[in-house]
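The structure under discussion appears below in the form of structure tokens.
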Amino acid sequence: MASAALFLIVSATPASAQSVDATEDHVLTVTGVEYAFHGLPDSVPAGTRLGLANTGAEVHELQLYRIADEVTATAADLLAMYFEGQDPEAAGMVESVEGWALYAPPGGIAEDSFLLEREGRYAIICLIPQGLADIGLLAGLGPDTDPAQLPPELQALMANTPHAALGMFAEFTVTAQTGGGAPQPVEPAEPAA
Ligand SMILES: [Cu+2]
């Protein structure tokens, strides 16, 4: 089972090069609060970008997972598995998408966004530990960081309940792009001559 500490560290890794500035068009901005995601529709068309704003008092992140096609378990079921010590990702039931997570400081917005390319069911979760309000504590951390080397203040916070266990998760579906036809890239249109 991947520890919450490892998830947190990986979440601090910058999103992939495919990400773009969240102020671009086509971004659906989900809002994180204590302890829930607001503003996420039940379904969105492929090609939508997912961004994260934070109107709470603690740091929030958005980890994005695509649920495997053959899996019928809900996001709540999968999260329960995770907290019981089984890792749905290791079991092939979910797959992390793009750079693992967006994260935003209290009152702020994530610098990047995630492109939702494939149809299917998705789960978003926040595994930030309750009480973490200083995003600076995550600075400089990477997937190779030894959990034992975390700053003492952060190590202490890691013992707290992760937001997902307090209800900060959601499930949604990515549908075929509206208008039919093959999915089109969402590159900005060329300016008219
Ligand atoms: Cu959170």
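Overview of values
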item: Residue in the stretch 137-157 that is assigned to a loop (DSSP other than H, G, I, E, B) and under 23 Å from A75 (Cβ atoms) present; result: no
item: Residue check for E187: open to solvent by 60 Å² or more (accessible area, probe 1.4 Å), more than 15 Å from F37 (Cβ to Cβ), outside any helix (DSSP H, G or I) and modelled with pLDDT of 90 or more; result: no
item: Matching residues, the stretch 72-89, being part of a loop (DSSP other than H, G, I, E, B) and free of Cβ contacts under 8 Å to residues at least 24 places away in the same chain; result: T72, A73, E84, P88
item: Residues satisfying the stated conditions in the stretch 90-112, i.e. assigned to a loop (DSSP other than H, G, I, E, B) and surrounded by 14 or more Cβ atoms within 10 Å (Cβ to Cβ); result: M93, P105, P106, G108, A110, E111, D112
item: The listed residue being at pLDDT 95 or above, farther than 25 Å from G131 by Cβ, touching a strand residue (DSSP E or B) at 6+ places or on another chain (Cβ under 7 Å) and surrounded by fewer than 20 Cβ atoms within 10 Å (Cβ to Cβ), out of D77, D69; result: D69
item: Residues of the stretch 161-177 that turn out to be within 10 Å of the ligand (Cβ to nearest atom) and aromatic (F, W, Y), as a count; result: 1
item: Any hit, the stretch 42-60, residues being within 12 Å of F169 (Cβ to Cβ), within 16 Å of the ligand (Cβ to nearest atom) and not in a strand (DSSP E or B); result: no
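The values are calculated or read from the model by the stated rules, or taken from the named source; none is laboratory data. Small disclaimer: the values here were computed from a predicted structure and weren't measured. So basically every Cβ, Gly included, is an ideal-geometry build from the backbone, and we count neighbours across all protein chains shown. Heavy atoms of the whole protein, side chains included, go into the accessibility calculation; ligands, DNA and RNA do not. Shrake-Rupley method; radii C 1.70, N 1.55, O 1.52, S 1.80 Å.
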